[in-house]
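**Student:** Next up is a structure, given as structure tokens.
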């Protein structure tokens with residue numbers, strides 16, 4: 001995409017939860033060597049949503065600083081990506097629209113395809129801005145990942161939201177054409193409507209992810225994409241941190257390259273620092289990785305970043321972006337580090353209480369106690385309606 005017609009990420013903001021459970025605490029409860037978590041999957045802790053937090057409260061917390069900085073007069077669309085939706089019909093973004101007091105002349109839509117739909121939302125937004133360069137699109141990816149207690153997936157749980165303002169002449173990252181795409185009908189991870197926790201075949205999911213790596217790269221290169229050596233860093237979807245390393249090694253092997261672990265670390269490690277302590281945030285995961293890269297890496301000006309977005313089931317996409325000169329003056333590094341650092345550590349009993357919490361389904365009034373220190377909270381249920389309020 002020519003720089004004269006650049007569209008991409010103009011602003012980026014990350015939010016997470018009130019609570020954090022360390023993997024030392026989880027390992028002690030499970031009788032597991034903590035190295036299985038620290039070295040095996042690359043996770044140190046997991047964000048845990050308080051009972052008055054969910055995808056909406058995190059999304060609003062992530063989006064509010066963007067609206068405060070840029071105002072809302074050019075935002076005509078909100079695209080909300082999630083796989084842990086709070087309603088089967090109403091878009092979660094409508095609650096965010098209300099909490100932030102955005103204009104009524106706005107379209108709001110929710111997208112779903114496992115962990116991939118944050119990228120679908122970004123591409124949707126790029127198309128809208130390409131049609132009308134005066135508009136900006138608020139893209140939000142927000143999820144709370146949840147598995148059964150004691151299951152293999154439990155240690156990968158997490159929660160976060162990423163809000164991105166997509167516009168012409170972006171201040172952070174110009175998104176390029178082409179994209180490489182891949183889809184295969186695979187039951188590696190899914191959550192039927194009647195379940196609150198996901199089902200996952202771990203080995204099948206890793207295999208499906210790696211199959212998708214090959215598929216998207218083939219389509220990307222056949223479409224005239226950049227050569228492998230042109231990229232300064234790679235952002236992968238991180239269901240667990242070590243998966244990013246595994247995926248990059250697989251890409252190198254697929255391209256006939258020797259795998260030098262120091263080169264792999266340089267390409268991937270700066271994207272993993274936030275995910276390692278937040279856990280899997282599904283649709284937000286790859287963009288949490290982008291935030292970590294921009295916040296932590298040495299100067300990335302004019303460098304190309306490779307993005308590999310994967311969603312089980314499965315759909316994947318590979319595309320490139322170039323970091324814009326002067327990007328550092330637009331980052332929210334201190335805010336992101338504070339959001340992670342101020343989480344309150346909880347013990348296993350508190351975590352289990354939250355994990356097992358559920359509401360009756362009779363339509364009664366069920367207020368929720370205030371726990372979050374965030375700017376927005378889930379206040380409870382009344383007449384089957386979710387109520388959200390500023391804190």
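No value in this document is a laboratory result; all are computed from the given coordinates. Everything numeric here is computed off the predicted structure, so don't read it as measured data. Please note: Cβ atoms are built from the backbone with ideal geometry, for glycine as well, and neighbour counts cover all protein chains shown.
**Student:** Who wins for biggest fluctuation among 300, 12, 252 in a Gaussian network model of the chain, springs between alpha carbons below 10 Å?
**Tutor:** So, out of 300, 12, 252, the one fluctuating most is 252.
**Student:** Enter the Cα centre distance for the pair segment 1-71 and segment 116-171, rounded to the nearest angstrom.
**Tutor:** Distance between centres, Cα-based: 12 Å.
**Student:** So if we plug the beta-carbon distance of residue 230 and residue 337 into 1/(1 + (r/R0)^6) with R0 = 30 Å, what FRET efficiency do we get, rounded to 0.05?
**Tutor:** On the way: r = 30 Å, r/R0 = 1.01.
E(calc), rounded to 0.05, equals 0.50.
**Student:** With the crude spin-label approximation of a point 7 Å out along Cα→Cβ, what separation in nm comes out for residue 134 versus residue 260?
**Tutor:** Distance between the two pseudo-spin positions: 5.2 nm.
**Student:** Roughly how many nanometres apart are two label points built 7 Å out from the Cα toward the Cβ at residue 361 and residue 296?
**Tutor:** 4.1 nm
**Student:** Restricting to bridges with both residues inside segment 3-390, how much of the DSSP beta-bridge set is antiparallel, in percent to the nearest 5?
**Tutor:** Restricted to segment 3-390, the bridges split so that about 70 percent are antiparallel.
**Student:** Using the number of other C-beta atoms within 10 angstrom as an exposure proxy, rank 56, 315 with the fewest first. Please list the in-between numbers first.
**Tutor:** On the way: 56 28, 315 21.
Fewest-to-most Cβ neighbours within 10 Å comes out as 315, 56.
**Student:** Set the Förster radius R0 to 51 Å, insert the Cβ-Cβ distance between residue 24 and residue 195 as r into 1/(1 + (r/R0)^6), and round the FRET efficiency to 0.05. Show your work: numbers first, answer last.
**Tutor:** Working: r = 29 Å, r/R0 = 0.57.
That pair, residue 24 with residue 195, gives E of 0.95.
**Student:** Can you sort 255, 115 so the residue with the fewest Cβ neighbours within 10 Å comes first?
**Tutor:** Ascending number of Cβ neighbours within 10 Å: 255, 115.
**Student:** Another one. Please report the relative contact order for segment 108-237, taking Cα pairs under 8 Å with a sequence separation of at least 6, and give it as a percent rounded to a whole number. Intermediate results must be reported in sequence, preceding the final value.
**Tutor:** Values: 133 pairs, mean separation 26.5, N = 130.
With pairs under 8 Å counted, the relative contact order is 20 percent.
**Student:** Still on this structure, please answer the following. Under the Kirkwood approximation applied to all pairs of distinct alpha-carbon atoms, what is the hydrodynamic radius of segment 141-249 in Å?
**Tutor:** 16.5 Å
**Student:** If you don't mind, another one. Which value at 222 nm does the chain reach when only helices count, each DSSP H run of 4 or more adding -39,500 (n - 2.57), with the total divided by all residues and rounded to the nearest 500 deg cm²/dmol?
**Tutor:** -9500 deg cm²/dmol
**Student:** What spacing in nm lies between the two simple spin-label points modelled at residue 347 and residue 222, each 7 Å away from Cα in the Cβ direction?
**Tutor:** With each label placed 7 Å out from Cα toward Cβ, I get 5.8 nm.
**Student:** So how long is each side of segment 1-122 along the principal axes, counting just the alpha-carbon atoms, biggest first, in Å?
**Tutor:** Cα extents, longest axis first: 54, 39, 28 Å.
**Student:** Oh, and also: Between residue 214 and residue 70, what length comes free when the chain is fully extended (0.36 nm per residue of separation minus the Cα-Cα distance, one decimal in nm)?
**Tutor:** On the way: separation 144, 0.36 × 144 = 51.84 nm, distance 3.90 nm.
Going from the current span to full extension adds 47.9 nm.
**Student:** If you don't mind, there's one more thing I want to ask. Let me check against my output: what whole-number percent is the relative contact order of segment 302-368, with C-alpha pairs under 8 Å and at least 6 apart? Provide the component values of the computation, followed by the final result.
**Tutor:** On the way: 33 pairs, mean separation 13.8, N = 67.
About 21 percent, as a whole number.
**Student:** From zero up to wherever the largest Cα-Cα distance of segment 232-384 sits, split into 10 Å bins and tell me the percent of pairs in each.
**Tutor:** So the P(r) values, bin by bin, are 9, 30, 29, 19, 11, 3, 0.
**Student:** Which value, to two decimals, describes the C-alpha radius of gyration of the chain once divided by 2.2 N^0.38 Å?
**Tutor:** Scaled against compact globular proteins, the figure is 0.93.
**Student:** Counting other beta carbons within 10 Å of each Cβ, put 217, 190 in order, fewest first.
**Tutor:** Starting with the residue having the fewest Cβ neighbours, the order is 190, 217.
**Student:** Given contacts defined as C-alpha pairs under 8 Å and at least six residues apart, what's the relative contact order of segment 3-390, whole-number percent?
**Tutor:** Rounded, it is 25 percent for segment 3-390.
**Student:** Please grab the % of Cα pairs in segment 148-191 that end up more than 12 Å from each other.
**Tutor:** 80 percent
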